[in-house]
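Trainee: Below you'll find the structure I mean.
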Ligand SMILES: CC(C)(COP(=O)(O)OP(=O)(O)OC[C@H]1O[C@@H](n2cnc3c(N)ncnc32)[C@H](O)[C@@H]1OP(=O)(O)O)[C@@H](O)C(=O)NCCC(=O)NCCS
């Protein structure tokens, strides 16, 4: 993948078809907190009510076509120095280094756009080795193993926690 084809931009309602094409795929949503999208109308509603108003959710694009997302959500109040990171890309694009590039871009941008942000953190299910590898390639540090921490798709899951500080260097 030529990295210059990869970009991040806010979602638009016109992304509905592209978004639906991967948001309906359970291989993609199995580790995500949100449910698999089942209709185009639901995809449009999700874009309108969740993705577009989100504080910082960007569409990962190839040649400006939406193929995934990266989102960084700061906590509120006195915890606003800390933000949660999430991402996904359509299964046909897995293993081409796309999310690694997208997350590196995102990390640089959010620290510029939210000057009060100090720490990014990501929680990853134990078996999601691809996601752990992405975080390690970007320069996140693995901080620990959280037993029976997350609840997702009907199950309580063991998770790893990773962080990246504003003073850390992306790799
Ligand atoms: C996890 C995910 C984001 C990775 O995106 P991607 O664009 O394929 O990631 P990259 O190609 O940049 O890097 C993936 C790395 O993981 C490695 N990997 C993938 N599956 C693996 C596995 N089962 N075991 C070990 N390593 C694995 C790849 O070899 C690659 O590492 P390398 O570059 O050293 O070879 C993507 O698979 C996805 O969208 N999954 C569904 C949603 C999801 O899990 N989101 C994260 C929730 S925490």
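The values are calculated or read from the model by the stated rules, or taken from the named source; none is laboratory data. Only a predicted model underlies this, so the values are computations on that prediction, with no experimental measurement involved. Every residue, glycine among them, receives a Cβ derived from its backbone with ideal geometry; neighbour counts consider all protein chains shown.
Trainee: Restricting attention to segment 68-78, which residues are within 21 Å of residue 160 (Cα to Cα) and away from the ligand (no atom under 16 Å from the Cβ)?
Mentor: 74, 75
Trainee: Follow-up question, since we're still on this one. Note down all Cβ pairs under 7 Å where the first residue falls in segment 100-119 and is in contact (Cβ under 8 Å) with a residue 40 or more places away in the chain, the second is part of a helix (DSSP H, G or I) and away from the ligand (no atom under 12 Å from the Cβ), and they're at least six residues apart or on different chains.
Mentor: Sorted first by the residue in segment 100-119, then by its partner, the pairs are 117/110; 117/111.
Trainee: May I ask you to list the residues in segment 94-117 that are within 6 Å of the ligand (Cβ to nearest atom) and touching a strand residue (DSSP E or B) at 6+ places or on another chain (Cβ under 7 Å)?
Mentor: 98, 99
Trainee: Here is a further query. For the subset of segment 152-167 comprising residues that are at pLDDT below 95 and not in a strand (DSSP E or B), which member is surrounded by the most Cβ atoms within 10 Å (Cβ to Cβ)?
Mentor: Selected residue: 153.
Trainee: If a residue must be more than 17 Å from the chain's Cα centre (by Cα) and in a loop (DSSP other than H, G, I, E, B), how many such residues does segment 1-11 contain?
Mentor: Summing the residues that are more than 17 Å from the chain's Cα centre (by Cα) and in a loop (DSSP other than H, G, I, E, B) in segment 1-11 gives 2.
Trainee: Give segment 22-55 a look and list any residue that's surrounded by fewer than 15 Cβ atoms within 10 Å (Cβ to Cβ), touching a residue at least 24 places away in the same chain (Cβ under 8 Å) and under 13 Å from the mean Cα position of the chain (by Cα), or say none.
Mentor: The answer is 33, and nothing else.
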